[in-house]
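Each remark here refers to the structure printed beneath this line.
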Amino acid sequence: MHGHRLRLEAEYSRVYLWTDITVGAVYGAMKRLASEGLLRESGREREGTRPTRQLYEITEQGRHALAALQRTGLSEVVFKFDPFDLALTRLDPEALDTLPPILAERLDKVRARLAESRRINEEVREYIGVAKQWALRHFEYRLEAEVAYLTALLTAAHDVVSDERNPRPRKLKAH
């Protein structure tokens with residue numbers, strides 16, 4: 001398969017909806033995979049007046065690497081720290097009054113992203129398989145959890161600001 005065909009298939013399969021893989025990155029990724037021995041050149045193809053295209057196929061090493069990535073992707077639990085949490089724990093004492101409106105704005109943005117995700121998912125649902133539908137739903141669940149978290153935090157924002165202004169004594173953990 002040549003890069004252009006893979007790019008078209010990625011667009012057709014709507015991989016951009018559930019991965020952070022950009023369709024435009026296909027060519028560079030294919031060259032990198034070939035340099036790592038996971039793909040190999042299998043020939044060239046020319047259709048009509050179009051330029052000659054390099055064809056690639058997956059190697060045995062590539063099949064093993066793909067199977068390992070699939071197993072890892074399904075079995076490992078990955079949650080990365082959100083820079084939001086660091087910012088929340090290191091508030092500017094001179095800007096504490098801005099916390100509630102900032103949280104409200106963030107909540108509005110996440111709600112808008114959730115609405116957009118639901119709209120897109122509804123549009124494509126009939127064109128994709130069940131596993132892909134669940135992958136899209138997974139993103140919705142994460143956004144719904146973020147909405148619930150921000151809603152609760154916004155409710156507690158006054159307590160957060162009060163505690164930052166007048167911290168109560170903290171217990172030291174004995175070693």
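Quick note: the coordinates plus some simple rules give every number you see, no bench work behind them. Everything quoted here is computed from the prediction, not taken from an experiment. Every residue, glycine as well, gets a Cβ built from its backbone with ideal geometry; the counts of neighbours run over all protein chains shown.
List the residues, sorted by chain then number, that are 5 or more residues from residue 39 or on another chain and whose placed amide H is less than 5 Å from its amide H.
Sorted by chain and number, the residues that satisfy this are 34, 59.
Given Cα pairs under 8 Å that are at least 6 residues apart, what percent is the relative contact order of the chain?
In percent, rounded to a whole number, it is 19.
Based on the alpha carbons, how large is the Rg to Rh ratio for the stretch 3-75 when Rh follows Kirkwood?
My calculation puts Rg/Rh at 1.01.
Excluding same-chain residues fewer than 8 positions from residue 80, which lysines have a Cα within less than 21 Å of its Cα?
Within the straight-line cut-off, residue 80 pairs with 109.
If you project the alpha carbons of the stretch 73-175 onto their three principal axes, what span does each projection cover, largest first, in Å?
On the principal axes, the stretch 73-175 reaches 56, 38, 18 Å in Cα extent.
Pop a pseudo-label 7 angstrom from the Cα along the beta-carbon direction at both residue 138 and residue 59 and give the gap in nm to one decimal.
Placing both labels 7 Å along Cα→Cβ, they lie 2.9 nm apart.
How much length is gained if the chain between residue 79 and residue 49 is pulled fully straight, taking 0.36 nm per residue apart and subtracting their Cα-Cα distance, in nm to one decimal?
That works out to 6.0 nm of additional length.
If you take mean projected area of the Cα convex hull in nm² from the coordinates, which of (1) 12.2; (2) 11.2; (3) 17.0 do you get?
Working out mean projected area of the Cα convex hull in nm² from the coordinates points to (3).
Grab the DSSP H runs of the chain that are 4 residues or longer, score each as -39,500 (n - 2.57), total them, divide by all residues and round the 222 nm result to the nearest 500 deg cm²/dmol.
After summing the helix terms and dividing by the residues of the chain, the value is -20500 deg cm²/dmol.
Explain nothing, just the number: dipole magnitude of the stretch 31-127 about its Cα centre with +1 on each Lys and Arg Cβ and -1 on each Asp and Glu Cβ, in debye rounded to the nearest 20. If you can, show how the numbers build up before the last one.
Details: 18 positive and 18 negative charges, 115 e Å.
It comes to approximately 560 debye.
Among the chymotrypsin sites (Phe, Trp or Tyr not before Pro) in the stretch 67-175, which ones are in a DSSP loop with at most 10 other Cβ atoms within 10 Å of the Cβ? Mind listing them? List each step's numbers first, then the result.
Working: sites: 79, 81, 84, 127, 134, 139, 141, 149; in loops: 79, 81.
Listed in order of number, the matching sites are 79, 81.
Let me spell out the model: positive unit charges on the Cβ of Lys and Arg, negative unit charges on the Cβ of Asp and Glu, origin at the Cα centre of the stretch 83-165. What dipole size does that give, in debye rounded to 20?
Value, rounded to 20: 480 debye.
Check residue 56: other-chain or 5+ apart residues with amide H under 5 Å from its amide H, H built from backbone geometry?
2, 42
Restricting attention to the stretch 1-63, which GluC sites (Glu not before Pro) occupy a DSSP loop and are surrounded by at most 15 other Cβ atoms within 10 Å?
Listed in order of number, the matching sites are 36, 47.
To the nearest 20 Debye, how big is the dipole of the chain about its Cα centre, given +1 on the beta carbon of each Lys and Arg and -1 on that of each Asp and Glu?
Values: 29 positive and 27 negative charges, 109 e Å.
Here the chain has a charge dipole of around 520 debye.
Stretch residue 21-residue 94 to full length: gain in nm at 0.36 nm per residue minus the Cα-Cα span? Present the calculation step by step, with values, prior to reporting the outcome.
Details: separation 73, 0.36 × 73 = 26.28 nm, distance 4.02 nm.
Full extension from residue 21 to residue 94 adds 22.3 nm.
Under 13 Å Cα to Cα from residue 31, which aspartates and glutamates show up? Leave out anything in the same chain fewer than 8 places away.
41, 57
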